[in-house]
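Undergrad: Once you've had a glance at the structure underneath, I'll fire off some questions.
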Amino acid sequence: MFRKIISNNPQRKIRLDQKFIGILVKDHQPLSIRVDEGFLEFIYELDPLYQLPSEKRILELLTNGYNNTKDILVNKMGSDIISCSLTTDLWTARSRMGYIGITCAYIDNQFKLNETILAIKYVPYPHTGEAIAEEIMSILNEWKLTDKVFTITTDNGSNMVKSARLIPGLIRIPCTAHTLQLVIGKGLLPAENLQENDRYLQVIADVKTYWNSSYLAWKRLIVIKDIINIMITALCIDSDKQAKKDGKRLKDINLTEDEWNAISELVPILEPFANATELLGGSQYATVRFMYPAINVITRGVKPSNSNINEVKAVDFTEPSTAFDDDIEYEDSEDRDIANNQSKQHKVKINTPQDCKNLILKVKSALYESITHYWNIPKDYGLIATLLDPRRKSLSFISPELHNDIHLKLRSVYNEMKLEYSEQEKEYHEEYPTNSLLASMFSRKYECGDEVTEYLRVGEIGFSECPFNWWSKNENRFPLLSKMARKYLAIPATSTPSERLFSDAGNLMTVRCTSLSPSTFEHHLFLKRNWDLVGSIFAEK
């Protein structure tokens with residue numbers, strides 16, 4: 001009976017085909033699964049008469065789903081968005097093709113933070129600032145967001161910086177996580193031998209672009225210190241010659257007691273950096289409001305006292321080298337897998353102990369110098385966002401002078417918005433004249449009142465309370481400031497949303513899926529990330 005229903009019901013066949021698309025998209029399955037022997041046997045057991053869609057039909061369904069989902073989201077965002085902020089990044093696939101990913105964050109009419117994938121499109125080389133800017137503007141035009149975009153968060157690559165400058169009215173926010181990466185890269189140069197020890201020992205995979213891997217490796221080294229010492233002893237007394245050789249090698253590269261102590265002191269110094277990177281990379285809450293409070297805590301933790309300033313060497317920011325460079329050579333190494341014959345920029349003597357004299361002071365000083373050098377994120381946007389967070393609006397972490405400046409800036413932006421909305425309301429009534437009594441009853445009267453003064457008088461709410469809920473409840477009390485909150489609190493502090501997109505892209509573009517066309521690749525990934533936003537990617541008939 002079940003088999004007859006499937007085979008004799010065209011609508012059932014359509015629904016099953018659509019469910020198969022769900023398997024491909026949601027589970028990152030390759031199109032070739034439709035000819036995999038085990039999968040075909042499973043489908044045959046369910047219904048011998050059901051035929052999986054052809055590859056041509058699959059591509060047609062993906063395209064239909066993409067177009068339908070995009071239409072739904074364009075209409076939804078058109079009615080929900082008063083302002084939005086973007087993140088973008090570039091990615092090179094296994095096929096050696098370059099892609100640009102763009103995500104969009106906004107706070108809707110119900111004061112819910114949303115994140116939508118706008119595109120992951122193939123971009124031919126070279127990836128110049130002009131080419132990137134042109135692609136971004138084209139995508140914004142497709143989504144009818146040209147007049148609604150406020151900021152774009154990118155890494156510090158010169159092409160990204162230039163592209164943002166070429167787009168009129170768009171404000172670039174440097175990725176805080178990338179900036180912290182630069183800070184740590186320079187700050188840990190005084191402890192480079194310690195940094196390379198965890199890479200050499202392979203305690204945790206060390207990733208150049210994610211400094212947290214080094215921090216986690218050091219934490220792990222402290223945990224397994226005693227195990228390492230036991231292993232050295234066991235290998236050195238082993239009767240096997242290779243084991244003894246390994247034991248001697250491990251003993252040679254093992255940390256000295258001073259180095260162990262230095263790592264124990266460095267981990268707490270780096271912990272705020274790790275916490276900030278994790279906090280600012282979130283997607284379920286407004287991250288921009290945490291930028292300046294987090295950096296303030298970090299800066300205070302590494303700022304050297306005046307008496308120590310002359311005891312440390314200044315950081316050379318003209319040199320490109322960092323503690324995470326891949327182009328290093330391990331001198332005195334017997335392991336040819338590590339010390340290869342390629343040309344290296346500089347050398348680290350793995351057998352030479354780290355000079356731990358004043359090391360903590362040197363690292364903290366280098367970190368402080370690096371923060372003041374690299375931290376150039378526009379204060380206005382980050383601090384106004386923090387001020388519009390009813391939990392942190394006291395801004396107790398900044399100087400009185402800056403505190404006063406941000407209050408004045410908030411009032412200035414508020415007055416500009418008041419004028420803008422008053423003009424819009426005036427134009428509306430001129431275009432659609434109506435009963436003057438009704439007009440006065442339903443007018444928002446943006447020209448009246450001083451929302452800023454009233455808002456600043458209201459006490460802070462508890463840290464566990466949701467600022468979005470607070471603004472939703474107080475929207476009528478602060479009609480313009482609530483719009484500003486929707487605008488500023490949606491700014492992403494990092495480009496992590498784009499990086500998460502590329503993480504999914506890497507899961508899709510595997511060895512089995514390197515031949516996907518750019519359009520199929522985009523449709524697949526677009527649907528994967530946006531499916532839950534629309535409920536169903538296929539139009540109901």
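Undergrad: If you scan the range 50-78, which residues turn out to be within 18 Å of residue 112 (Cβ to Cβ) and crowded, with 18+ Cβ neighbours inside 10 Å? Let's see the steps before the verdict.
TA: Taking the range 50-78 as the starting set, the residues that turn out to be within 18 Å of residue 112 (Cβ to Cβ) are 72-73, 75-78.
Listed by number, the residues that qualify are 73, 77.
Undergrad: Before we move on, is residue 490 in contact with a Cys (Cβ under 9 Å, 6 or more places away or on another chain), at pLDDT 85 or above, under 14 Å from residue 389 (Cα atoms) and not aromatic (Phe, Trp, Tyr)?
TA: yes
Undergrad: So how many residues does the range 34-47 have that are assigned to a loop (DSSP other than H, G, I, E, B) and either surrounded by fewer than 10 Cβ atoms within 10 Å (Cβ to Cβ) or under 38 Å from the mean Cα position of the chain (by Cα) (or both)?
TA: Residues flagged as assigned to a loop (DSSP other than H, G, I, E, B) and either surrounded by fewer than 10 Cβ atoms within 10 Å (Cβ to Cβ) or under 38 Å from the mean Cα position of the chain (by Cα) (or both) within the range 34-47 amount to 1.
Undergrad: For the structure I just gave you, tell me whether residue 514 is closer than 30 Å to residue 32 by Cβ, in contact with a Lys or Arg (Cβ under 7 Å, 6 or more places away or on another chain), at pLDDT below 85 and surrounded by fewer than 15 Cβ atoms within 10 Å (Cβ to Cβ).
TA: Working: closer than 30 Å to residue 32 by Cβ: yes; in contact with a Lys or Arg (Cβ under 7 Å, 6 or more places away or on another chain): yes; at pLDDT below 85: yes; surrounded by fewer than 15 Cβ atoms within 10 Å (Cβ to Cβ): yes.
Here the answer is yes, as residue 514 does meet what is asked.
Undergrad: Return the only residue of 252, 326, 316 being modelled with pLDDT under 90, assigned to a helix (DSSP H, G or I), of a type in the set (Asp, Glu) and open to solvent by 50 Å² or more (accessible area, probe 1.4 Å).
TA: 252
Undergrad: Select from the range 520-533 the residues that are open to solvent by 30 Å² or more (accessible area, probe 1.4 Å) and in contact (Cβ under 8 Å) with a residue 24 or more places away in the chain and write down the one among them that is nearest to the chain's Cα centre (by Cα).
TA: Taking the candidates together, the pick is 529.
Undergrad: Do we have residue 47 as at pLDDT below 90 and over 22 Å from residue 137 (Cβ atoms) here?
TA: Here the answer is yes, as residue 47 does meet what is asked.
Undergrad: Can you pull out every residue in the range 71-93 that is of a type in the set (Ser, Thr, Tyr) and not in a strand (DSSP E or B)?
TA: Listed by number, the residues that qualify are 79, 83.
Undergrad: Now for a different question. Quick test of your reading of the structure: residue 81 fulfils all but one of (1) open to solvent by 30 Å² or more (accessible area, probe 1.4 Å); (2) touching a residue at least 12 places away in the same chain (Cβ under 8 Å). Name the failing condition by number.
TA: (1)
Undergrad: Identify, please: which residue in the range 255-288 is acidic (Asp, Glu) and under 30 Å from residue 464 (Cβ atoms) and is, among those, least open to solvent (accessible area, probe 1.4 Å)?
TA: 271
Undergrad: Related question: Open to solvent by less than 50 Å² (accessible area, probe 1.4 Å), modelled with pLDDT under 90 and closer than 23 Å to residue 529 by Cβ, is that true of residue 31?
TA: Details: open to solvent by less than 50 Å² (accessible area, probe 1.4 Å): yes; modelled with pLDDT under 90: yes; closer than 23 Å to residue 529 by Cβ: yes.
When the stated conditions are applied, residue 31 passes them.
Undergrad: Can you tell me how many residues in the range 95-107 are crowded, with 17+ Cβ neighbours inside 10 Å and either in contact (Cβ under 8 Å) with a residue 60 or more places away in the chain or part of a helix (DSSP H, G or I) (or both)?
TA: 8
Undergrad: How do the pairs read when you match residues in the range 463-477 that are under 13 Å from residue 107 (Cβ atoms) and among the aromatic types (Phe, Trp, Tyr) with residues anywhere that are open to solvent by less than 90 Å² (accessible area, probe 1.4 Å) and assigned to a helix (DSSP H, G or I), using Cβ under 6 Å and keeping only pairs 6 or more apart or on different chains?
TA: That search, which allows pairs on different chains as well, returns 471/482; 471/485.
Undergrad: How many residues are assigned to a loop (DSSP other than H, G, I, E, B) and over 14 Å from residue 151 (Cβ atoms) if we restrict to the range 462-502?
TA: Filtering the range 462-502 for residues assigned to a loop (DSSP other than H, G, I, E, B) gives 462-466, 474-478, 489-495.
Restricting the remaining residues to those that are over 14 Å from residue 151 (Cβ atoms) gives 462-466, 474-478.
Going through the range 462-502 one residue at a time, the tally reaches 10.
Undergrad: Please give the number of the condition residue 92 fails out of (1) within 22 Å of the chain's Cα centre (by Cα); (2) more than 26 Å from residue 509 (Cβ to Cβ); (3) without any contact (Cβ under 8 Å) to a residue 24 or more places away in the chain.
TA: (2)
Undergrad: Follow-up question, since we're still on this one. Could you grab me the full set of residues in the range 385-435 that are among the aromatic types (Phe, Trp, Tyr), modelled with pLDDT of 75 or more and more than 18 Å from residue 82 (Cβ to Cβ)?
TA: 397, the sole residue that qualifies.
Undergrad: Now for a separate question. Name the residue, out of 90, 182, 86, 170, that is crowded, with 17+ Cβ neighbours inside 10 Å and closer than 21 Å to residue 69 by Cβ.
TA: The unique qualifying residue is 86.
Undergrad: Sticking with this structure for a sec: Looking at residue 38 and the list (1) touching a Ser or Thr at 6+ places or on another chain (Cβ under 6 Å); (2) without any contact (Cβ under 8 Å) to a residue 24 or more places away in the chain; (3) not hydroxyl-bearing (Ser, Thr, Tyr), which single condition is not satisfied?
TA: Residue 38 satisfies all of (1) touching a Ser or Thr at 6+ places or on another chain (Cβ under 6 Å); (2) without any contact (Cβ under 8 Å) to a residue 24 or more places away in the chain; (3) not hydroxyl-bearing (Ser, Thr, Tyr) except (1).
The values are calculated or read from the model by the stated rules, or taken from the named source; none is laboratory data. This structure is a prediction, so every number in the text was calculated from the model and none was measured. Glycine gets a Cβ as well: all are built from the backbone with ideal geometry, and neighbour counts include every protein chain shown. Remember, those area values only see protein heavy atoms, side chains included, never the ligands or the DNA or RNA. Shrake-Rupley method; radii C 1.70, N 1.55, O 1.52, S 1.80 Å.
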